[in-house]
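The values are calculated or read from the model by the stated rules, or taken from the named source; none is laboratory data. Keep in mind that this is a model prediction, so the values were computed, not measured. Glycine also receives a Cβ, built like all others from the backbone with ideal geometry; neighbour counts cover every protein chain displayed. Remember, those area values only see protein heavy atoms, side chains included, never the ligands or the DNA or RNA. Shrake-Rupley method; radii C 1.70, N 1.55, O 1.52, S 1.80 Å.
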Amino acid sequence: MTQQPPHPTPSRPGQPGQMTAVMRAVAPVTGPKVLRIGLVQGGKVIEERVIKQRTHVTIGPSEKSMFVIPSKSIPPNFRVFELVGGEYFLNFLDGMTGRVAFKGGVSELSALKSSAKRVAVGNVQAYQVQLSEEARGKLVVGETTFLFQFVAPPPVQPKPQLPVSVRSGIANDIDWTTTIIAAFSFLFHFGAVGSIYSDWMDPVVDDEIDVAQLLESVKQLPPPPVEQPKEDVEAPAATAAPAAEAPKAAGGGNKGAAAASPGKGSGGMSDARASALTNELAQLDMQMLGALNSSGNATASVLSSGDVPTGLLENAAASGAGVGKGGVAGLNMGGAGGGTVRPGAAGGGGLATIGNTGTSGPATAGSAQTVKGPVGNAQVGGAAVSGGSVSNATSVVAGMTAGFRRCYNKGLQEDPSMKGSVRITAKIGPNGEVLSATPSGGGGLSGTVVSCVVARVQSAQFALPEGGGATVVIPVTFVSQ
């Protein structure tokens with residue numbers, strides 16, 4: 001398929017064609033001429049500039065100047081070409097040289113000083129000469145030369161425009177009919193869904209009316225039915241249950257007797273029956289104590305080795321009912337009279353002498369005698385510090401005395417006659433800690449005592465030594481008392 005070449009777009013009536021617009025754009029612009037300035041240094045043109053807009057032209061060392069030149073003989077922002085009333089004037093100083101070509105001829109700057117106008121520029125005085133559009137020339141400022149002349153202003157460049165094929169962007173490729181239909185479709189569907197989930201169609205809720213209706217409905221509720229009391233038909237069964245459980249409680253041993261406490265009569269048991277059971281239990285405890293005769297374990301053996309619980313004696317003595325004399329087999333009550341006998345009561349050789357193992361008098365079981373072991377004393381001599389100064393060496397060594405004494409007393413438990421002396425050489429670190437503790441001497445002392453003393457010294461903490469380290473010698477003498 002052959003593509004047809006595009007036809008040129010016909011111009012509308014009254015609108016210039018494309019060629020006419022281009023010719024107008026490149027046509028010379030009429031109006032006042034503008035300055036064309038060239039900057040020459042070292043015989044070479046380093047910069048050329050056309051001042052498109054008629055304005056002041058400044059030179060100087062300041063960065064705000066139009067032409068920056070490194071010269072200290074001119075002001076920072078000197079107007080070399082000054083625009084006054086639409087006309088250009090040349091301003092030059094005494095140190096500047098050059099010449100200007102006018103319509104009538106060429107004149108040096110030195111010759112123009114007599115006819116030039118004197119103006120004050122800052123703190124200096126300058127010469128001012130009017131320039132015409134036909135004037136041209138050069139101006140030498142130090143090592144820099146300015147060449148100037150008046151030229152016609154350059155034509156205004158037309159604004160660049162993109163081709164028609166490029167300017168027709170995405171907007172020209174969109175099918176607006178389909179886009180509008182799709183937009184309205186989305187709006188319709190989303191509007192329908194939003195209306196479904198919105199509450200604008202819900203009825204208005206009045207809280208006062210709802211509360212009033214709720215109260216009215218509560219008032220109309222029927223009253224609850226009245227419960228009729230049930231007849232007590234299970235009373236005989238309830239009274240018969242404790243009577244049936246009474247024999248079971250009586251045959252339960254100590255647990256049943258403890259539950260049936262005297263004076264309460266729980267479970268149908270009388271106070272007399274409960275007292276009898278308590279008395280029988282006390283008699284059984286006394287029978288066990290009666291077994292501790294001369295042919296068995298003595299009370300002293302019981303107290304020393306704990307073969308028989310001594311709580312039986314305490315329970316028997318604390319019994320409120322006491323122990324009856326008769327009816328207990330193998331229990332010798334001694335010379336006690338009739339009635340109730342309490343354990344531990346005086347009278348005869350019965351319970352009063354139950355702890356006697358062979359002596360005629362009463363025994364003093366449980367007495368103990370304290371035997372005091374040997375004790376010693378630790379005498380610490382003056383601490384010798386070398387290699388650096390330790391501010392608290394004396395107080396720290398004095399605080400070790402109690403520890404040394406404990407070490408010596410432990411050694412006396414093994415050898416009561418032990419005594420002697422030892423010297424501990426402790427090396428102190430830069431932070432005051434004990435790096436090492438070496439014993440010397442130690443004659444007459446056991447290795448246990450010496451090791452204990454060394455461990456006590458190693459656990460000490462001294463002040464920071466001057467110079468980063470020190471050595472402390474601690475003499476200790478142990479004497480028994």
Where residue 103 falls short, out of the listed (1) open to solvent by 100 Å² or more (accessible area, probe 1.4 Å); (2) of a type in the set (D, E, K, R); (3) touching a Ser or Thr at 6+ places or on another chain (Cβ under 9 Å); (4) not in a loop (DSSP other than H, G, I, E, B): (4)
If you check residue 65 against the conditions, is it in contact with a Gly (Cβ under 6 Å, 6 or more places away or on another chain) and of a type outside the set (A, V, I, L, M, F, W, C)? no
Taking the condition in contact with a Phe, Trp or Tyr (Cβ under 9 Å, 6 or more places away or on another chain) and among the aromatic types (Phe, Trp, Tyr), does residue 102 pass? no
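Within region 120-135, count every residue that is in a strand (DSSP E or B) and either touching a Lys or Arg at 6+ places or on another chain (Cβ under 9 Å) or of a type in the set (Ser, Thr, Tyr) (or both). Spell out the reasoning first.
Taking region 120-135 first, the residues in a strand (DSSP E or B) are 120-121, 124-130.
Right, trim to either touching a Lys or Arg at 6+ places or on another chain (Cβ under 9 Å) or of a type in the set (Ser, Thr, Tyr) (or both) and you get 121, 125-130.
Total satisfying the criteria: 7.
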So, in region 349-374, how many residues would count as being at pLDDT 50 or above, touching a helix residue (DSSP H, G or I) at 6+ places or on another chain (Cβ under 6 Å) and open to solvent by 60 Å² or more (accessible area, probe 1.4 Å)? 0
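Here are 436, 417: which of them is touching a strand residue (DSSP E or B) at 6+ places or on another chain (Cβ under 6 Å), surrounded by fewer than 19 Cβ atoms within 10 Å (Cβ to Cβ) and not in a helix (DSSP H, G or I)?
Values: 417 fails: touching a strand residue (DSSP E or B) at 6+ places or on another chain (Cβ under 6 Å).
Residue meeting the stated conditions: 436.
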Every listed condition ((1) open to solvent by 100 Å² or more (accessible area, probe 1.4 Å); (2) modelled with pLDDT under 75; (3) in a helix (DSSP H, G or I); (4) of a type in the set (Val, Ile, Thr)) holds for residue 196 save (2)
Working carefully through the options 448, 425, find the one that is of a type in the set (Ser, Thr, Tyr), touching a residue at least 12 places away in the same chain (Cβ under 8 Å), more than 16 Å from residue 381 (Cα to Cα) and open to solvent by 10 Å² or more (accessible area, probe 1.4 Å). 448
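Considering only residues of region 43-54 that are touching a Phe, Trp or Tyr at 6+ places or on another chain (Cβ under 9 Å) and not in a strand (DSSP E or B), which is most open to solvent (accessible area, probe 1.4 Å)?
Step one: of region 43-54, the residues touching a Phe, Trp or Tyr at 6+ places or on another chain (Cβ under 9 Å) are 47, 49, 51, 54.
Filter once more, so that each one left must be not in a strand (DSSP E or B): 51, 54.
Details: 51: 11, 54: 64 Å².
Per the criteria, the residue is 54.
Condition test on residue 455, is it aliphatic (A, V, I, L, M), modelled with pLDDT of 90 or more and loosely packed, with under 13 Cβ neighbours inside 10 Å?
Criteria met by residue 455.
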Hits in region 393-414 (condition: open to solvent by 70 Å² or more (accessible area, probe 1.4 Å) and of a type in the set (Gly, Ala, Ser)): 395
Hits in region 375-390 - residues which are surrounded by 14 or more Cβ atoms within 10 Å (Cβ to Cβ) and in a loop (DSSP other than H, G, I, E, B): 383, 387, 388, 390
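Given 70, 76, 32, which one is surrounded by fewer than 19 Cβ atoms within 10 Å (Cβ to Cβ), at negative phi, in contact with an Asp or Glu (Cβ under 8 Å, 6 or more places away or on another chain) and part of a loop (DSSP other than H, G, I, E, B)?
On the way: 70 fails: in contact with an Asp or Glu (Cβ under 8 Å, 6 or more places away or on another chain); 76 fails: in contact with an Asp or Glu (Cβ under 8 Å, 6 or more places away or on another chain).
Going through 70, 76, 32 in turn, just one is surrounded by fewer than 19 Cβ atoms within 10 Å (Cβ to Cβ), at negative phi, in contact with an Asp or Glu (Cβ under 8 Å, 6 or more places away or on another chain) and part of a loop (DSSP other than H, G, I, E, B): 32.
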Hey, could you check region 459-474 for residues that are open to solvent by 60 Å² or more (accessible area, probe 1.4 Å) and in contact with a Ser or Thr (Cβ under 8 Å, 6 or more places away or on another chain) and say which is farthest from residue 380 (Cα to Cα)? 467
